[in-house]
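The values are calculated or read from the model by the stated rules, or taken from the named source; none is laboratory data. Values in this document were obtained by computation on a predicted structure and should not be read as measured data. Cβ placement follows ideal geometry from the backbone for every residue including glycine, while neighbour counts extend to all protein chains displayed. SASA here: full protein model, heavy atoms, side chains in, ligands and nucleic acids out. Shrake-Rupley method; radii C 1.70, N 1.55, O 1.52, S 1.80 Å.
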Amino acid sequence: MSDLVSTLIKERRSVRKYDPNFTIEKEEILEMLEQATLAPSTSNLQPWQFLVFLDAEARQDLRKIAYNQEQIETASAVIAVLGDKEFYRNIDPVYDSMSEAGFVDDASKAVLVGNAHKAYPHAPEQSRINMATFDSGLAAMQFMLIAKERGYATGPMGGFDKVKFAERFNVEERYVPIVLITIGKENAPAYSTTRIAIEDKVKFI
């Protein structure tokens with residue numbers, strides 16, 4: 001592991017106090033999200049969607065939905081990570097793109113597309129939700145490390161009413177709210193944490 005990656009992992013903290021006057025441009029947020037979505041996903045079907053909250057009025061409503069946590073309003077932005085439980089809709093666009101880029105030949109593409117169409121549209125909804133949640137979590141973690149490398153603080157938040165969130169922000173039924181990520185300039189250091197000894201968490205077989 002490179003020194004940079006090791007440092008980012010060790011120094012990343014979940015921050016709750018932000019400078020409310022600090023802004024991050026939309027273009028940079030898009031750049032970070034684009035990098036984050038280089039994360040792996042089930043059959044490369046990329047079952048994630050993002051809502052980026054910048055508007056003050058929308059964030060007031062979001063704060064109520066997130067149990068009045070102040071960082072919703074003081075962070076530069078809040079990224080809502082959603083999982084797409086109908087990610088099978090991406091099968092043809094994804095593999096068409098890979099074919100056009102020369103990453104897969106016609107024969108291999110036909111097999112991959114055929115297998116995906118057989119598997120995912122007919123999978124139980126909960127299984128698809130599980131896959132979308134896991135894959136979107138990989139992208140979310142990657143986003144936080146990318147933000148850290150750029151000098152920004154982040155904080156993942158699972159504590160929000162997902163039903164009210166979907167209702168208030170007109171989230172399509174195919175998408176499942178997973179996590180909110182605040183991002184901005186740290187205004188107070190996050191508290192340090194410890195981890196359970198790895199020997200207590202690992203068993204070699």
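Spatially close Lys pairs in the stretch 70-205, defined by Cα atoms under 17 Å apart and a spacing of eight or more places or different chains, total 4.
Taking the radius of gyration and the Kirkwood hydrodynamic radius from Cα positions alone, what is the Rg/Rh ratio for the stretch 77-122, to two decimal places? It would help to have the intermediate numbers written out before the result.
Details: Rg = 13.4 Å, Rh = 11.9 Å.
Here the Rg-to-Rh quotient is 1.12.
Taking the 1.4 Å solvent-accessible surface of the chain as the whole, the part contributed by carbon and sulfur is 52%. Largest GNM mean-square fluctuation among 174, 13, 195, using the chain with Cα springs under 10 Å: 195.
Mind sorting out which of (1) 1.13; (2) 1.01; (3) 2.05 is the real Cα Rg over 2.2 N^0.38 Å computed from the coordinates? Comparing each candidate, only (1) matches the computed number.
In terms of its C-alpha gyration tensor, the stretch 1-61 comes out oblate, because a/c is 1.5 or above while a/b does not outweigh b/c.
In a shell of Cβ-Cβ distance under 15 Å around residue 187, excluding residue 187 itself, what net charge do Lys and Arg (+1) and Asp and Glu (-1) give? The partial results should precede the final answer.
Values: positive: 13, 16, 17, 185; negative: 19, 70, 73, 186.
So the surrounding residues net to 0.
Taking Cβ atoms as reference points and 15 Å as the exclusive limit, the residues near residue 38 contribute a net charge of -4, counting Lys and Arg as +1 and Asp and Glu as -1. The 3J(HN,Hα) values that the Karplus relation (6.51, -1.76, 1.60; θ = phi - 60°) gives for the stretch 200-205 are, in residue order, 7, 10, 10, 10, 8, 10 Hz. Gly and Pro appear as x.
Ignoring everything except DSSP H segments at least 4 long, calculate the 222 nm mean residue ellipticity for the chain; use -39,500 (n - 2.57) per segment, divide by total residues, nearest 500.
Numbers: 8 runs with 90 residues, N = 205.
After summing the helix terms and dividing by residue count, I get -13500 deg cm²/dmol.
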